[in-house]
Amino acid sequence: MKNKIIKLIVIISVILILLDQTSKILVSNFVKEPIGNDYLKIEVVSNTGMAFGFNKGNIKNIVIAVFILAIVIKFIRDQIDRLDKKTAVAISMVLGGAISNLIDRFFRGGVLDFIKISKIPNFNLADFSIVIGWILIIIFLIDFSRK
């Protein structure tokens, strides 16, 4: 069971990284000006901050991201025997999104964000994956604590 969970985490994380990086390559190569309307558009921006542009231009963001990533990896290592598939999927979403955004920070100098919905700051597939992953983890923890 332990090997199956690790394999699941790796496969899902790699798929998410590939999807996110591919979407960023396509958007950065083919979208030269915003496409869409005030409610939904593709608009390429470089985000040197954290999620949704928070704490822009702060080099400490890389250190914080690596620290959070290390915590997630340590949690996986320490709890691998207790993880079920749905929690492994949620953790994979966080891990894959975090790694993909770190790839951007190292190779682009900032995270490429391109999805713009109304008043929400620009984001990308990795950001979406991270947010949904954390929401699922919280739901699963609440559910687990009730049992």
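Cross-link pairs exceeding 18 Å in C-alpha to C-alpha distance, out of Lys7/Lys74; Lys24/Lys85; Lys2/Lys86; Lys7/Lys86; Lys24/Lys74; Lys2/Lys85, comprise Lys24/Lys85; Lys24/Lys74. For Leu112, nonlocal amide neighbours, meaning residues 5 or more places apart or on other chains whose placed amide H falls under 5 Å from its own, are Asn47. In the chain, excluding the sites themselves, the longest stretch lacking any of the chymotrypsin sites (Phe, Trp or Tyr not before Pro) that are in a DSSP loop with at most 16 other Cβ atoms within 10 Å is 55-147. Using a simple spin-label model with pseudo-atoms 7 Å out from Cα toward Cβ, Asn29 and Phe75 lie 3.5 nm apart.
Amide H to amide H distances under 5 Å link Val31 with no residue, where only residues 5 or more positions off or on other chains count and H is placed in the peptide plane. For the stretch 92-104, backbone phi angles converted through the Karplus equation (6.51, -1.76, 1.60; θ = phi - 60°) give residue-by-residue couplings of 4, 5, 5, 4, x, x, 5, 5, 5, 5, 5, 4, 4 Hz, Gly and Pro being listed as x. Using only alpha carbons, the chain has a radius of gyration to Kirkwood radius ratio (Rg to Rh) of 1.01. Along the stretch 19-24 the Karplus relation, 6.51 cos²θ - 1.76 cosθ + 1.60 evaluated at θ = phi - 60°, assigns HN-Hα couplings of 4, 5, 5, 5, 4, 5 Hz to successive residues, with x for each Gly and Pro. With the simple spin-label model, which puts each label point 7 Å out from Cα in the Cβ direction, the Lys7 to Thr22 separation comes to 2.2 nm. Shown in residue order for the stretch 121-135 are the 3J(HN,Hα) couplings computed by the Karplus curve 6.51 cos²θ - 1.76 cosθ + 1.60 at θ = phi - 60°: x, 4, 8, 9, 5, 5, 4, 4, 4, 4, 4, 5, x, 5, 4 Hz (x for Gly and Pro).
Taken together, the values in this text are just the output of simple stated rules run on the coordinates, not laboratory data. Only a predicted model underlies this, so the values are computations on that prediction, with no experimental measurement involved. Using ideal geometry, Cβ is built from the backbone for each residue, glycine included, and neighbour counts are taken over all protein chains shown.
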